[in-house]
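Single-structure report; data block below.
The values are calculated or read from the model by the stated rules, or taken from the named source; none is laboratory data. No experiment lies behind these values; they were computed from the predicted model shown. When we count neighbours, we look across all protein chains shown, and the Cβ atoms used for this are built from the backbone with ideal geometry, even at glycine. Accessible surface areas use protein heavy atoms only, side chains included; no ligands, DNA or RNA. Shrake-Rupley method; radii C 1.70, N 1.55, O 1.52, S 1.80 Å.
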Amino acid sequence: MACVVRPCTPKDLPDIMRLIKEIAVIYKIPLNGIRTNVEALKEAGFGKQPRYECFVAEVPPQQKSKEGHTLIGYVLSVHTYSTWKGRNLYMDNLYVMPEFRGRHIGKMLLNTAVEAAWHKGCSQIRMHSSSEKPENIRFLEYSGGEDLTVKVGWNLFRFQETQLRKMAAQSKF
């Protein structure tokens with residue numbers, strides 16, 4: 001299969017949004033709960049201060065998906081900072097459409113993100129993965145990732161918008 005991994009451009013953003021919605025359906029997230037849209041992606045990724053980096057996987061038109069898509073996967077990441085390790089990359093999404101899995105496209109996307117992170121001085125890449133998707137965990141482990149939940153017992157926490165609003169209202173800052 002001929003597949004090219006390249007940097008995302010603004011013209012790719014409708015397809016990125018389509019893939020984001022596919023992920024939401026897989027994880028049973030209501031589509032009306034997605035706050036991101038094409039314009040927000042454009043501003044965040046291609047505005048004055050880009051906040052993310054994204055690479056896309058694209059196949060030639062003769063290998064398009066059943067629905068007619070040629071952009072069939074992506075990896076979106078942001079740079080973070082560790083007080084112990086310095087600059088890191090956090091991969092928010094690494095996704096390949098199900099009909100294209102098993103063809104090393106995910107590995108190509110991962111390797112492209114890793115190469116870009118290494119050249120930018122990152123010392124680690126971090127990513128979360130749902131325990132409901134053991135195939136994703138196996139892929140990350142096979143690729144050399146360490147499961148920190150298993151290895152050192154770290155847990156991932158988040159503060160949702162309602163809690164943020166409540167905490168900010170109580171802040172004296």
Checklist entry - Given a 1.4 Å probe, how much area per residue of region 124-173 is accessible, in Å²? => result 94
Item to check | Rg [Å, one decimal], Dmax [Å, integer] - the chain, C-alpha atoms | outcome: 17.2, 59
Checklist entry - Mind checking the dipole of region 17-112: about its Cα centre, +1 per Lys or Arg Cβ, -1 per Asp or Glu Cβ, Debye to the nearest 20? => result 160
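Run the accessible area of the chain with a 1.4 Å probe and give the carbon-and-sulfur part as a rounded percent.
Numbers: 6640 of 11920 Å².
Of all accessible area on the chain, carbon and sulfur atoms account for 56 percent.
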Item to check | Cα centroid separation, region 59-107 to region 126-172 (Å) | outcome: 18
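Return the calculated 222 nm mean residue ellipticity for the chain, to the nearest 500 deg cm²/dmol, obtained by summing -39500 (n - 2.57) across DSSP H runs with n ≥ 4 and dividing by the residue count.
Details: 6 runs with 62 residues, N = 173.
After summing the helix terms and dividing by residue count, I get -10500 deg cm²/dmol.
Using DSSP to call loops (not H, G, I, E or B), can you name the chymotrypsin sites (Phe, Trp or Tyr not before Pro) in region 17-109 whose Cβ has at most 14 other Cβ atoms within 10 angstrom? Show your work: numbers first, answer last.
Values: sites: Tyr27, Phe46, Tyr52, Phe55, Tyr74, Tyr81, Trp84, Tyr90, Tyr95, Phe100; in loops: Tyr27, Tyr52, Trp84.
When the chymotrypsin sites (Phe, Trp or Tyr not before Pro) of region 17-109 are filtered for loop state and at most 14 Cβ neighbours within 10 Å, Tyr27, Trp84 remain.
What does the accessible area per residue of region 1-89 come to in Å², with a 1.4 Å probe and no ligands, DNA or RNA counted?
61
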Checklist outcome for this item: For region 11-50, using Cα atoms only, the Rg and Dmax in Å read 11.0, 34
